[in-house]
Amino acid sequence: MKVDDKLRPFRILVLEDEEDDFDLLVRQLHREGISFQTRRAQTENDFMRELGEFTPDIVISDYAMPAFNGLAALRIHLKSHSEIPFLFVSGTIGEETAVQALKEGATDYLLKGHLMRLGQAVRRAVEESRARVDKKRLELELYHSQKMEAIGRLAGGVAHDFNNLLTAIMGYAELLSNGVKAGDPTFEGLDEIRKAGRRAAELTRQLLAFGRKQVLSPRKTDVNEILAGLLKLVARLIGEDILLKTQLGSGLKDVFVDPGQLEQIIMNLVVNSRDAMPRGGTIILSSRMSEPDTRVLGSCEGARPGRHVVVEVIDTGTGMTPETMSRMFEPFFTTKEVGKGTGLGLATVYGIVRQSGGFIDVESTPGHGSVFRVFFPPAVGATVHAPPPPAPVALPPGTGNILLVEDEEVVRKIAVQVLRAKGYNVIEAASGVSAVSLAREQTTLDLLLTDLVMPKMGGRELATLIREDRPDIRVVYMSGYSADSVMEGAAPEAGAAFLNKPFTPQELLRMVQEQLGQAKGKGGAR
Ligand SMILES: Nc1ncnc2c1ncn2[C@@H]1O[C@H](COP(=O)(O)OP(=O)(O)OP(=O)(O)O)[C@@H](O)[C@H]1O
Ligand SMILES: [Mg+2]
């Protein structure tokens, strides 16, 4: 971006009523080797129009003109375009007026009889103003990325606590409904609680995604396969007034993402495009290999050079104002009516993409549609993860000794209750340290079920300690998020079993039985 800017010819708007004087200016600029484009204005209307349309890098103005006045022009200019330098060139300007002009905010002034240094003055003024704009842009970018970071941390923290509470809410609702018959008003009530719980869980999942704290199951994924698989659904979603074109590129590298999350990204973008075209239009969904250009490298958070797999969604919708664009990735930022949007769509996209090592480029102009381009780095020697667990089955009673470690009391209580009700022997601990000493007193322990993130001793350290004495123990981590400290760098043992919060009693039992190998032959084993 900066490189291009330096090479771009200067755009010079000249406010001048005398044709000859204008020619003189132009000739002088050529003589000094300035590369430029110019437009001339003589009236206030001309001037206002050119400021908007021509978007000059600098204004050169005569002082006294029959139809317009230089000082008045300066005042108009400063109101809306104070970052653009404004130079007076006048034959009549006296010293007092010149001082007055500079005081009011003119960048410089020259006399018509002494134009030898015009080019130099123009060059210096434009370069200084470009440097100022660059600096301001960098400061804004820094401010923006810090803001996103802070909101992300906040969102992740809130979602984490909510997930613990939701585990309890949904768990008790399910436990209580076990003893109640369908049709009973209590049953209905409990069912509503569970439904609301699931909706809340979906919200926290999106918040975690934005905070980049979601437990992802990335694997080598063919973007085209995902896109092709989604086409039917996309077509149904966007309705008949919108034309869908797809261009799947060839020679696409695999990317290392969670396929479910990739689908989510595409759907969120497509739904946004649909919403931006209430009276119909076109969506182009495409994929290709591409490298980010200097504009993208200079303006997209996290952008890296080199070949990427790009997924692009173009629409012919309403487009976005710069204000909307500067806030679109914030969670709960929406311009839609109450009830129409939660403002989590792009926040989720942003979180997943950044967590997957990619970045997003957005171009949009009000009235001219939008382009969302998601860049993913190609996968390198990635491991393939296990597919998600199978559908629910009726679970047989359980046997075995489980050491349950969880610092959140609400979660620990419900988990203990569920496991004991199923027949397991449960030893509970509220911290890693007490778990270690409890484990020493036990003769047999079949499974360690532990929270991943706990103060002092985390689940992984605990598992390592316990495995020293009991190398065969099975381990299941419960986790509300993939805490960076735990997930980044050395991830937990390859193939470690995870139970994402919030979980239902069913999910907890299935995971435990699966790990203890007791669900074999019932369709519950991996
Ligand atoms: N393709 C687009 N065209 C025009 N505006 C868009 C587009 N995509 C996003 N926006 C703007 O960005 C805002 C935020 O988008 P985001 O997807 O995060 O939330 P939402 O669509 O309003 O709600 P949600 O996705 O949670 O239902 C939108 O309200 C809209 O103003
Ligand atoms: Mg949306």
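Note on the range 163-223: Kirkwood hydrodynamic radius from all Cα pairs is 13.5 Å, rounded to one decimal. Among 23, 472, 17, 62, the order by Cβ neighbours within 10 angstrom, fewest to most, reads 472, 23, 17, 62.
Here r is the Cβ-Cβ distance between residue 49 and residue 135 and R0 is 45 Å; the resulting FRET efficiency, rounded to 0.05, is 0.95.
Just so you know, the Cα atoms of the range 129-206 work out to an Rg and Dmax of 22.3, 75 Å. In the range 219-376, taking the dipole from charged Cβ atoms about the Cα centre, the farthest positive-side position among 257, 282, 237 is held by 257. Placing dummy labels 7 Å off each Cα toward the beta-carbon, the span from residue 496 to residue 142 is 3.6 nm. Other residues within the sphere of radius under 12 Å centred on the Cβ of residue 454, judged by their own Cβ, net out at -2 (K and R +1, D and E -1).
Here's the list of aspartates and glutamates a cross-link from residue 253 could span, going by alpha-carbon distance under 12 Å and ignoring same-chain residues fewer than 8 apart: 222, 225.
Taking the fewest neighbouring Cβ atoms within 10 Å as the starting point, the ordered list for 277, 267 is 267, 277.
Counting each pair of different Cα atoms once, what's the Kirkwood radius of the range 219-376 in Å, rounded to one decimal? Every distinct Cα pair counted, the radius reaches 15.8 Å. With a cut-off of 12 Å between beta carbons, the residues surrounding residue 268 carry a summed charge of -1, where Lys and Arg count +1 and Asp and Glu -1.
May I ask for log10 I(q)/I(0) of the chain at q = 0.05, 0.10 Å⁻¹, from a Debye sum over the Cα atoms as equal point scatterers with solvent left out? Evaluating at q = 0.05, 0.10 Å⁻¹ gives log10 I(q)/I(0) of -0.33, -0.91. Simple point charges give the picture: +1 on the Cβ of Lys and Arg, -1 on the Cβ of Asp and Glu, and for the chain a dipole about the Cα centre of about 1580 debye. Counted by neighbouring Cβ atoms within 10 Å, the residues 172, 424 run from fewest to most as 172, 424.
Derived scalar couplings between HN and Hα for the range 283-290 equal 10, 10, 10, 9, 9, 5, 8, 7 Hz in order, rounded to whole Hz, by the Karplus curve 6.51 cos²θ - 1.76 cosθ + 1.60 (θ = phi - 60°), x for Gly and Pro. Normalised by 2.2 N^0.38 Å, where N is the number of residues, the alpha-carbon radius of gyration of the range 2-116 equals 1.01.
Between the amide H of residue 38 and those of 12, distances stay under 5 Å, these residues lying 5 or more places away or on another chain, with hydrogens modeled in the peptide plane.
Coordinate-derived values only; no laboratory data. For clarity, every value in this text was computed on a predicted model and none was experimentally measured. No Cβ is skipped: glycine too gets one built from the backbone with ideal geometry, and neighbour counts run over all protein chains shown.
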